[in-house]
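Remarks on the structure that follows.
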Amino acid sequence: FKGEFSNKVLKDAINGDILVRVLSLVFDKKFDESDKYPSIMYHITNSDYLNNIKRKGLVPKSKSKQSSHPERIYFSTTKEKSDKLWNGNFKMYIPKNKGILLTVNVDGLNLYEDPNFPGAVYTYQNISPNKIINIEPIEEG
């Protein structure tokens, strides 16, 4: 029965009798992209988490995500891209005057490009506090 149904649907689609929707599947890469990225990257977060970050470092979380995936830590490769990410998406998740930008040494981390989030890379690994080399407030205009 399944084969007959599939053939009928296919014939109807070819004849134009039904609407065909195109589905685009995007998959995360399963290999290490670390060698193509700079050793210093930027992470946007809420200043409310700063004391924990100074004690424990960055730990993968899944809050405020736009798609379903394992817990991860996101970075931008430049300050300019961080500004674009802040003005594009992150501002809605972090209260006014609470945004901070962490400058992080990512040497030794497995980094992956997110196909759903241009300009962002991520890791599944914890990042120790000594890898955070600068903390600054995000200027809101």
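Report yes if SER76 is modelled with pLDDT under 85, in contact with an Asp or Glu (Cβ under 9 Å, 6 or more places away or on another chain), small (Gly, Ala, Ser) and surrounded by 10 or more Cβ atoms within 10 Å (Cβ to Cβ), otherwise no.
The answer is no for SER76.
Just checking, which of LYS54, LYS96 is open to solvent by 70 Å² or more (accessible area, probe 1.4 Å), charged (D, E, K, R), modelled with pLDDT of 55 or more and not in a loop (DSSP other than H, G, I, E, B)?
Of the residues listed, the single one that is open to solvent by 70 Å² or more (accessible area, probe 1.4 Å), charged (D, E, K, R), modelled with pLDDT of 55 or more and not in a loop (DSSP other than H, G, I, E, B) is LYS54.
When the stretch 120-140 is examined, which residues are found to be β-branched (Val, Ile, Thr) and within 19 Å of ASP107 (Cβ to Cβ)?
VAL121, THR123, ILE127, ILE132, ILE133, ILE135
Please work out if LYS84 is at negative phi, free of Cβ contacts under 8 Å to residues at least 40 places away in the same chain and either exposed (fewer than 12 other Cβ atoms within 10 Å of the Cβ) or not in a strand (DSSP E or B) (or both).
Spelling it out, LYS84 is indeed at negative phi, free of Cβ contacts under 8 Å to residues at least 40 places away in the same chain and either exposed (fewer than 12 other Cβ atoms within 10 Å of the Cβ) or not in a strand (DSSP E or B) (or both).
Are any of the residues in the stretch 22-32 modelled with pLDDT of 60 or more and either of a type outside the set (A, V, I, L, M) or in contact with a Lys or Arg (Cβ under 9 Å, 6 or more places away or on another chain) (or both)?
Checked the stretch 22-32: no residue is modelled with pLDDT of 60 or more and either of a type outside the set (A, V, I, L, M) or in contact with a Lys or Arg (Cβ under 9 Å, 6 or more places away or on another chain) (or both).
Of the numbered conditions (1) among the hydrophobic types (A, V, I, L, M, F, W, C); (2) over 16 Å from PRO60 (Cβ atoms); (3) open to solvent by less than 60 Å² (accessible area, probe 1.4 Å); (4) modelled with pLDDT of 90 or more, PHE90 satisfies every one except a single condition; which is it?
Just one mismatch for PHE90, condition (4).
Report, by residue number, each residue of the stretch 99-124 that is within 14 Å of the chain's Cα centre (by Cα) and surrounded by 15 or more Cβ atoms within 10 Å (Cβ to Cβ).
Once the filter is applied, which keeps residues that are within 14 Å of the chain's Cα centre (by Cα) and surrounded by 15 or more Cβ atoms within 10 Å (Cβ to Cβ), the stretch 99-124 yields LEU111, TYR112, GLU113, ASP114, PHE117, GLY119, ALA120, VAL121, TYR122, THR123.
The values are calculated or read from the model by the stated rules, or taken from the named source; none is laboratory data. It should be emphasised that the depicted structure is a prediction, and the values quoted were computed from it without experimental measurement. Glycine also receives a Cβ, built like all others from the backbone with ideal geometry; neighbour counts cover every protein chain displayed. Note: accessible area is taken over every heavy atom of the protein model, side chains too, but ligands, DNA and RNA are not part of it. Shrake-Rupley method; radii C 1.70, N 1.55, O 1.52, S 1.80 Å.
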